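Inspection log for the structure reproduced underneath, given as structure tokens.
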Amino acid sequence: MSIRLIAATVITIAIAGCATTGAESTASAKEMKLAFDFTDGNPAVLLKKLDNVDITRRQLIESGVTPKIVMTFRGNASYFTQASVAAVPEADRAEALKVAAKLREMKQAAGVQSLEQCNLPLADRKLNPASLMQEVKLVPNGWIALGRYQQQGYAYIAP
């Protein structure tokens, strides 16, 4: 089985909430490279997806596989990589703060290589590139960055 097929299988099961330890499908892999592409504008949905990435990361580690995870943010997910929640509708700010806390936690977690914000959607949303959370790296174009990760063997995952 290819690494990409294994990665897709593990992530699909984890996101569906049905994953076991992950050891069955990753027994021969020593490392797994995963590039997640987030575009969600709903902070509660985004938080759940980030939780599932974290579960997947932990399951890989528990099964003896070293995760190499990149998380990219584009579209309306861009609101949640900002240092301030001022641009987020007031009704969503409490959840947005939870997303920010999860991003800070994930940036420090074993196996998380990078959190990256695409520059392209920021201007349309009146978001300042200089106002990103310090944990998030600005990239000129998220699609180009994701393409480069795929060339390096990362599986592209759009949860």
Note, the stretch 105-111: 3J(HN,Hα) by Karplus (6.51, -1.76, 1.60, θ = phi - 60°), whole Hz, Gly/Pro = x, goes 4, 5, 4, 8, 6, 4, x
Taking the beta-carbon count within 10 Å as an exposure proxy, list ASP40, ASP51 from fewest neighbours to most.
ASP51, ASP40
Given backbone amide H placed at 1.01 Å from N, residues whose amide H is under 5 Å from that of GLN113, ignoring those fewer than 5 places away on the same chain, are ILE69, VAL70
Quick one: which residues, 5+ away or cross-chain, put their amide H under 5 Å from the amide H of LEU138? H built at 1.01 Å from N.
GLN117
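Quick check: from the Cα gyration tensor, does the stretch 22-82 come out rounded (a/c under 1.5), prolate or oblate?
prolate
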Given labels modelled 7 Å from the Cα in the Cβ direction, how far is it in nm from GLU62 to GLU31?
2.4
Residues LEU138 and LYS48, FRET efficiency given R0 of 35 Å [Cβ-Cβ distance, rounded to 0.05]:
0.90
How much net charge surrounds PRO129 when only the other residues with a Cβ under 15 Å from the Cβ of PRO129 are counted, with Lys and Arg +1 and Asp and Glu -1?
+1
Computed ³J(HN,Hα) along the stretch 33-40: with the Karplus parameters 6.51/-1.76/1.60, θ = phi - 60°, integer Hz and x for glycine or proline, the list is 9, 10, 10, 9, 10, 9, 10, 5
Can you list residues whose amide H is under 5 Å from SER63's amide H, if they're 5+ apart or on another chain and H is modeled 1.01 Å from N?
none
Label-reachable residues, the stretch 83-119, where backbone N falls under 16 Å from a point 7 Å from ASN128's Cα toward its Cβ
83-88
Those lysines that a straight Cα-Cα span of less than 22 Å connects to LYS33, excepting residues fewer than 8 apart in one chain
LYS48, LYS49, LYS68, LYS102, LYS107, LYS137
Using only the Cα atoms of the stretch 66-159, build the gyration tensor, take square roots of its eigenvalues as a ≥ b ≥ c, and label the shape rounded, prolate or oblate: rounded if a/c is under 1.5, else prolate if a/b is larger than b/c, else oblate.
oblate
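Rule-based calculations on the coordinates, nothing more; no lab input. Because the structure is a prediction, the values reported are computed rather than measured. Here Cβ is always computed from backbone atoms with ideal geometry, including for glycine, and neighbour counts include all displayed protein chains.
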